[in-house]
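Below: the structure, in structure tokens.
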Amino acid sequence: MTRTLRSPRATGWVCNACRHRTSTLTTLPLRHWTSSRQSSSSASSPKSKIPDPKASRFPTYPARTRFAPSPTGDLHLGSIRTALFNYLLAKATKGQFLLRIEDTDAKRTIPGAEDRLYRDLRWAGLDWDEGPVVGGPYGPYKQSERLAQYQSHIQDLLKTSHAYRCFCTPERIDELNRRRHDKGLSPGYDRKCTHLSSAEVAERVHKGEPHVIRFRAPEKWPRVKDLTFGWTGHGEKKSKNLHAHEPAYDDSVLIKSDGFPTYHWANICDDRDMKITHVIRGSEWLSSTPLHVALYNALNWTPPAFVHVPLLFDTNNQKLSKRNFDSDVSSYRSNGFFPEALLNFAALLGWSHKEKSDCMDLDTLISLFDLKITKNNCVVTFKKLDFLQAQHASRHIEAGGEKFEQMIRDTAVAVLEKYGAAAVQSFIGTRSLRDVLAQIMSIKSIGYSTAPAFAEKLAVFFEPLPSPLPPPPVLSHDQTWLLHALRVAASTLLLVPAESWNQETHRSNLLLLQENPYPGLDTTTTTTSTDSPSSELPADSTVLTSKQWRILLYHYLRWALLAGRNGPGIPETLELLGPEVCRQRIQEANQRSQEFQVESVKPILEEQGWKGDADGKRRVEKAWTPHALNASPTPPTPSSSASS
């Protein structure tokens, strides 16, 4: 229910301001929330539509984006992120993603780098719609093959006097900049060559005199609205600073003396000719954007939308670059990272989302991508990459299929390289390595990250146990009376037939052994239970809490099966090792524990009169009932199949 305020009746003169306020109040709705009926009624009234934040920056038309690397080294993390953002924007808008090779700097070009660029992009799944190899309507897509286009467009600037030829030698330019530097001034050119007549310029060009072509900088630089950083640019400030004390101009070189274009000139010509709508690149190019827009304006071209993304830094506040070999895409590939995990990691470096989980494949990233990119530089911590790698690995294991099989193949290679064929064959026996590794990968407690790292975790299976085994997990001679009960419990697990040898059966039997331990061993569930596995056991009593017995049982089994090393759970370990290996290891461990037990109680027996003869030992044992060594009541019978 809604009501409106009625304006009070005027009894005298009322000013116009008050009349306006009361007229506004007459249309102000008042809601009554005194009942659920009234509440639902008012809730059904029309609501104003909340604008979608994605729509404010996101294009409503198919975007054409490009990734334009130079073949001067391998792709690094920052490069793959730039390529990814361009790819996501194009695919999210049903547009096109272009690849362009900027190879005009022949001195810095590295042989083979171009082919590695193609390989790494394809490995990552960032296939280009237009570009080298695949072609397209606006080729060629290598700048070294587009020199004619750059020369054609530069003629347009020369005709309109937005560019001019400069014959100054490099030595004169260096001297000019040195003199300005000594005066505390910014570098700049004095436009000496703008005073040459057209005839003189033509004659010097005809003679083949080396020269460059410079852009005539505007007096007022354009302001640019970047979709990440907002408005940017120098306006008149930069020109005024250059003119102070000694006139100079920021007339950038567009065509070098060898006829090749500079980055700035080739960049804007290619983007215009290839109909690029959005330029997504690192924020290091933000300061160059006013120059690019000024060039567009001089040619009467419409500039694309600009999206600059923050730079990447390591934890030492050093910028990541091609010199950081540990950030090369090829290193991630060789170390076993999934391409989807690397792309997932790269996407989160500067871009945010509202999903509950950060784990996303490429299709999910496309569906969620927008231009909500942070302005702040990103500090890269690779723990996040490890986390995402494990998450994607878990997905592949659950889904099965070719990706899971590839994980098995990669792990098999890593295992054989690390442990050797003999050790591997000794562990798997008659089983196939593929089946054993698939079974191990299904154990979540081990956790797959990369194939080499996963192979490291499997040392508990493929490396032999230390010989002799370390002492069993009983810390003092007063607790050695427990070892016989533990030996009986461990031996009981070996009674399971081979056809029922699986983790479900072992899990059921372990529960039985926890609830029905060795007869004569008294367990209680009193509140005096230990707080942790390291808590001390009673030193001189046969009474244990159930928790203490369970902890000791599992510690003994892990010692017997894996020499106490970390690994999967006991049921999983029993299944993976198989009945023959388990029988061998438990029997050897039981023998070792018995030897340890004898050595531990020998001083006590000697104190009670044992001289080393068998009869004397038996006499002492008979009187020493709390620490009897040879009691052998009937152990609990294990189940041969899993029970609920």
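The values are calculated or read from the model by the stated rules, or taken from the named source; none is laboratory data. Source: prediction; values computed, not measured. Note that we place each Cβ from the backbone using ideal geometry, even for glycine, and neighbour counts take in every protein chain shown.
Below is a table of values for the structure above.
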| item | result |
| --- | --- |
| Residue match in segment 188-203 (condition: under 20 Å from Y263 (Cβ atoms) and either part of a loop (DSSP other than H, G, I, E, B) or more than 45 Å from the chain's Cα centre (by Cα) (or both)) | yes |
| Residue in segment 143-160 that is without any contact (Cβ under 8 Å) to a residue 60 or more places away in the chain, part of a loop (DSSP other than H, G, I, E, B) and out of contact with any strand residue (DSSP E or B) (no Cβ under 9 Å at 6 or more places or on another chain) present | no |
| Test: residue in segment 121-131 that is within 25 Å of L254 (Cα to Cα) and in contact (Cβ under 8 Å) with a residue 60 or more places away in the chain | no |
| Residue in segment 124-140 that is crowded, with 16+ Cβ neighbours inside 10 Å, within 17 Å of T82 (Cβ to Cβ), in contact with a Gly (Cβ under 9 Å, 6 or more places away or on another chain) and aliphatic (A, V, I, L, M) present | no |
| Criterion violated by T411 - all others in (1) among the hydroxyl-bearing types (S, T, Y); (2) at pLDDT 95 or above; (3) in contact with a Pro (Cβ under 8 Å, 6 or more places away or on another chain) satisfied | (3) |
| All positions within segment 141-158 that are within 15 Å of E114 (Cβ to Cβ) and either surrounded by 15 or more Cβ atoms within 10 Å (Cβ to Cβ) or modelled with pLDDT under 95 (or both) | Y141, K142, Q143, S144 |
| Pick from segment 77-104, criterion without any contact (Cβ under 8 Å) to a residue 60 or more places away in the chain and part of a loop (DSSP other than H, G, I, E, B), ranking: nearest to V279 (Cα to Cα) | T93 |
| Criterion: in a helix (DSSP H, G or I) and at pLDDT 90 or above - qualifying residue of E588, E606, E595 | E588 |
| Selection within segment 62-87 - within 15 Å of P310 (Cβ to Cβ) and not aliphatic (A, V, I, L, M) | G78, S79, R81, T82, F85 |
| Residue pairs meeting the criteria (Cβ under 6 Å; at least 6 apart or on separate chains; first under 20 Å from I255 (Cα atoms), in segment 181-208; second among the small types (G, A, S) and surrounded by 12 or more Cβ atoms within 10 Å (Cβ to Cβ)) | G188/A248; D190/A248 |
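Table: residues versus (1) modelled with pLDDT of 60 or more; (2) in a helix (DSSP H, G or I); (3) under 29 Å from R583 (Cα atoms).
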residue: L513; (1), (2), (3): yes, yes, yes
residue: T523; (1), (2), (3): no, no, yes
residue: S532; (1), (2), (3): no, no, no
residue: A539; (1), (2), (3): no, no, no
residue: L552; (1), (2), (3): yes, yes, yes
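Per-residue answers, yes or no, for (1) surrounded by fewer than 16 Cβ atoms within 10 Å (Cβ to Cβ); (2) outside the structural domain of L84 (by TED's automatic domain parsing); (3) out of contact with any Ser or Thr (no Cβ under 7 Å at 6 or more places or on another chain):
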position: F337; (1), (2), (3): no, yes, no
position: E355; (1), (2), (3): yes, yes, yes
position: L365; (1), (2), (3): no, yes, yes
position: A390; (1), (2), (3): no, yes, no
